[in-house]
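The values are calculated or read from the model by the stated rules, or taken from the named source; none is laboratory data. This structure is a prediction, so every number in the text was calculated from the model and none was measured. Using ideal geometry, Cβ is built from the backbone for each residue, glycine included, and neighbour counts are taken over all protein chains shown. Protein only, heavy atoms only, side chains kept; ligands, DNA and RNA dropped before computing areas. Shrake-Rupley method; radii C 1.70, N 1.55, O 1.52, S 1.80 Å.
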Amino acid sequence: MPERYERAPLPGHYGEASQWSVADNSASVQPAASRGMPQIGAPIDPVFGSAQSVPAYGYAGAMGRRTVPAMPGIPAHIVATMPVGLGRRILVHLLDAALIILASNIVQALLGDLVVSSVTTTDPAGEDFVRFLVAVGAAVVILVAIVVGICVTGWSPASALMKVRVMRFSRRGVPGWQQLGKTALEVVCMCFFFAIPYLVVVLATRDSLQRHAIDRLCDLYVVDVRAGRDPLNRRSAAAVLDLM
């Protein structure tokens, strides 16, 4: 039988006691009444649907928000993390886009004339088109570099600045190839009907962990490491044993 560690309720918890299994890396919840503690009524969670489960935000977090508690359906490494809200995620995308535009313009300014001089053309429109291709090529290269960085580390330049990290949901690890799939799906959604399909996915399919349909399909999870735990940080990951 796997050894279990019992955790005492923390401030901001909803009156449920939980256990963490070291062997199967899973969390389970026992009703507080069974342990002689006062039972506080918990609403039915829209994702996990159990009246005996605590809501998806179960620990006191920064600015009155609540981090993820130990409960059925939540992997152990997700416990005590803080899901990122929609506003922060949009800001990260905008900052990364601004970085790509700025960097591509700098590359175009530095290399545009050199490329034009190597092309035999005297047409001003043709020269402008060559400079445009240089800028687009630089933007594509920078975008690929950012996506690869997220795949390997979970960070983009803007997300590192905003303390927002992407990781796997079902198991502890960096996004890997799943991030490439997510980026491809997002680009496809943005290319049709003025990005309306992408807006519908982001705004209408989010769950209580702030994961939209593409996140769930690609098994990804975005966390605010400034307000909660960072499962990909070794010291933070080891600290979960003190919380469980």
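Checking A97, A103 one by one, the residue that is over 25 Å from R211 (Cβ atoms) and of a type in the set (A, V, I, L, M) is A103 and no other.
Taken together, the residues in segment 75-99 that are farther than 18 Å from T183 by Cβ, open to solvent by less than 20 Å² (accessible area, probe 1.4 Å) and assigned to a helix (DSSP H, G or I) amount to 3. Of the helices (runs of 4 or more DSSP H) entirely within segment 118-221, those holding at least 2 residues that are under 21 Å from L232 (Cα atoms) and either modelled with pLDDT of 95 or more or hydrophobic (A, V, I, L, M, F, W, C) (or both) occupy 124-153, 157-162, 177-190, 213-217. The residue that is surrounded by the most Cβ atoms within 10 Å (Cβ to Cβ), among those in segment 134-185 that are in contact with a Ser or Thr (Cβ under 7 Å, 6 or more places away or on another chain) and of a type outside the set (A, V, I, L, M), is R165. Scanning segment 217-230 for residues being surrounded by fewer than 20 Cβ atoms within 10 Å (Cβ to Cβ), over 11 Å from the mean Cα position of the chain (by Cα) and over 16 Å from R88 (Cβ atoms) gives a total of 1. Just to be sure before I move on: is G149 in contact with a Phe, Trp or Tyr (Cβ under 9 Å, 6 or more places away or on another chain) and closer than 22 Å to V225 by Cβ in the structure I sent? Yes, satisfied. Taken residue by residue, segment 101-119 has no member that is open to solvent by less than 80 Å² (accessible area, probe 1.4 Å), among the charged types (D, E, K, R) and farther than 30 Å from L180 by Cβ.
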